[in-house]
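The values are calculated or read from the model by the stated rules, or taken from the named source; none is laboratory data. Everything quoted here is computed from the prediction, not taken from an experiment. Neighbour counts are summed over all protein chains in view; Cβ atoms, including those assigned to glycine, are modelled from backbone coordinates with ideal geometry. Surface accessibility is based on the protein's heavy atoms, side chains included, excluding ligands, DNA and RNA. Shrake-Rupley method; radii C 1.70, N 1.55, O 1.52, S 1.80 Å.
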Amino acid sequence: ESQSASQDVLRLKILPKSRIALQTEPLIFKACREPFDVVINRTRPDEPLGMLVCPDDEPRYLVIDEVTAPSLMDSWNSSHEPSQRIMPKDKIESINGIMGSGEKMLRALPGFGLDTALTFRIIPKD
């Protein structure tokens, strides 16, 4: 019986590290996601912002349905840690200080031209 117990311990020791990380990563990731700011600057006229949003799910916010690629938001995600990436179901709380209404925030977007900064306050999904 003691030989069987030592074999179980041995099996645990030889599990690949990546398999262990996959089991624990979602718990760590969820605990780390705090509200954060995303600052985007358009430097070329053909750069899409790259988000599909819905103002109807929660009228005070814009709920992100999708981040498309290639885009400015996809570039942001590629250059930031997972806790700072924009993900589906995250909420935009404000755009350049405009808050309280998804419709108001949407009206701010058409003025986003070259060398114009947009600051998004992101509330991660629950």
Cubic angstrom per residue, convex hull over Cα atoms of the range 36-126: 86
Separation in nanometres of the label points that stand 7 Å from Cα toward Cβ, at R60 and M99: 1.0
R0 of 25 Å, Cβ-Cβ distance S78-L114: FRET efficiency to nearest 0.05: 0.70
Cut-off under 5 Å, modelled amide H: who pairs with Y61 long-range: G102
Other-chain or far-sequence residues with amide H under 5 Å of S94's (modelled H): R121
Reachable aspartates and glutamates, given that their alpha-carbon falls under 15 Å from the alpha-carbon of K89 and they are not under 8 places away in the same chain: E34, D56, D57, E58, D65, E66, D126
Rounded to the nearest 10 Å², the accessible area of D37 at probe 1.4 Å: 80
Whole-Hz ³J(HN,Hα) from phi, Karplus 6.51 cos²θ - 1.76 cosθ + 1.60, for the range 60-67, glycine and proline x: 6, 10, 10, 8, 7, 8, 7, 10
